[in-house]
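Worksheet: one structure, shown below.
The values are calculated or read from the model by the stated rules, or taken from the named source; none is laboratory data. Values in this document were obtained by computation on a predicted structure and should not be read as measured data. FYI the Cβ positions are ideal-geometry reconstructions off the backbone, even for glycines, and counts take in every protein chain you see.
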Amino acid sequence: MNMTVATSGTRWLTPVYVRIGYGMPEGIRSSQEALNYLLFRWPAANGPAYERAKSLCSAAIGHDVPSDDAREAFVRACIEAKVMD
């Protein structure tokens, strides 16, 4: 029997690939990785999808929302910032 344990390091089933500038694509695999990316690597222009992604990734780390919701918000923020690879 396969079981998944919910932890703050819960990995997404499918990574989100982002590229900042001319850098190499990077796979983001969890809400924690996404939040770190949003806080420390994100382009200067912040929009509503960015703010929502920060909020939902933080909530997913605390198990207040499903990690899939955080992933979806992160994808929207990537689209908004034009960093999807």
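Considering only region 14-22, I want to know if a residue exists there that is modelled with pLDDT under 95 and on the phi > 0 side of the Ramachandran plot. Yes - at least one qualifying residue is present in region 14-22. The number of residues in region 37-85 being touching a strand residue (DSSP E or B) at 6+ places or on another chain (Cβ under 7 Å) and not aromatic (F, W, Y) comes to 7.
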